[in-house]
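The values are calculated or read from the model by the stated rules, or taken from the named source; none is laboratory data. Quantities reported herein were computed from a predicted structural model and do not represent experimental measurements. Here the Cβ positions follow ideal geometry from the backbone for every residue, glycine too, while neighbour counts run over all protein chains shown.
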């Protein structure tokens, strides 16, 4: 349930209400808006809401019927904005994340990042641990790949995001990355989600290959319930009967999620289409639909890439696309 406090409620009254629900077996999650404070009471206990409504400072008590409580617009109506240094994602700010699918060498990452920085990209992506369908495909460089990403990012004053595969890797990732990714295959790895809910760094959560929007929001709920408020959702295409593209990019998920949830949503057109010539039009479509960010694969030499070269843009292609996307963003009153 949601406990909406009066606009005049004091910090002491908020604290007493919070302590009251905790004593009755609920977890308390506080969201402070511009006009009032909302306390989310999450738990399986039964309580008469009239007892709470009689407490000093309480305006009203609302029961949430959706299975995702903390991810809901009912809990927090204002857009969540993820801020890391000078980068903002959400609330009218479109974040651009770009880089190679996988880290292959220092020179490869450095050559790509140097151009991306010149184009205005502030977040560098790259896979150090690669979950591959085939056990014989390139699996990534492991921790050495994370070290390369961090070193190159520091050189060009960029942030780093990379995919964490399992709970045991989290301490390692915290040393090197600014945003931890949860891949599509791990969207319902609940032990991993619980552990990531306990950290205080942004988590980018990708939609599962066959997951519904509600299932994606329920996975985000695991992270939020653990106390991590810096969650970024990612639409990366879903599996359908169509074989002309790698996946089917669900553009409609953008406005649907933005109506249901306050969390920012970015789009991955590279994995969604799997084809270089489809990345640009799908990126434009995502921005036009109001996405809060893009994560695009860019490689300094896609033809020699060890992973997903066919869906990676050449740096020059990315530069041209980014210029067009900035112009498009102005039309919908957003900025990169």
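Table for the structure above
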item	result
Single residue of segment 253-281 satisfying the filter (out of contact with any helix residue (DSSP H, G or I) (no Cβ under 8 Å at 6 or more places or on another chain) and in contact (Cβ under 8 Å) with a residue 12 or more places away in the chain) that is nearest to residue 300 (Cα to Cα)	268
Unmet criterion (only one of (1) part of a strand (DSSP E or B); (2) over 30 Å from residue 316 (Cβ atoms); (3) in contact with a helix residue (DSSP H, G or I) (Cβ under 9 Å, 6 or more places away or on another chain)) for residue 68	(1)
Answer from 62, 47 - the residue that is touching a residue at least 60 places away in the same chain (Cβ under 8 Å), surrounded by fewer than 22 Cβ atoms within 10 Å (Cβ to Cβ), more than 28 Å from residue 284 (Cα to Cα) and more than 24 Å from the chain's Cα centre (by Cα)	62
Residue list for segment 6-35, filter: in contact with a helix residue (DSSP H, G or I) (Cβ under 9 Å, 6 or more places away or on another chain) and either assigned to a helix (DSSP H, G or I) or assigned by TED's automatic domain parsing to the domain that holds residue 262 (or both)	17, 20, 21
Count of segment 72-109 residues which are under 26 Å from residue 284 (Cα atoms) and touching a residue at least 40 places away in the same chain (Cβ under 8 Å)	22
Residue check, residue 86 under 30 Å from residue 140 (Cβ atoms) and exposed (fewer than 15 other Cβ atoms within 10 Å of the Cβ)	yes
Among the candidates 46, 38, residue that is under 23 Å from residue 223 (Cα atoms), modelled with pLDDT under 90 and either not assigned by TED's automatic domain parsing to the domain that holds residue 220 or not in a loop (DSSP other than H, G, I, E, B) (or both)	38
Of the criteria (1) assigned to a strand (DSSP E or B); (2) at pLDDT below 90; (3) farther than 22 Å from residue 227 by Cβ, which one residue 59 fails	(2)
Total residues in segment 211-227, condition modelled with pLDDT of 95 or more, more than 25 Å from residue 98 (Cα to Cα) and in a loop (DSSP other than H, G, I, E, B)	1
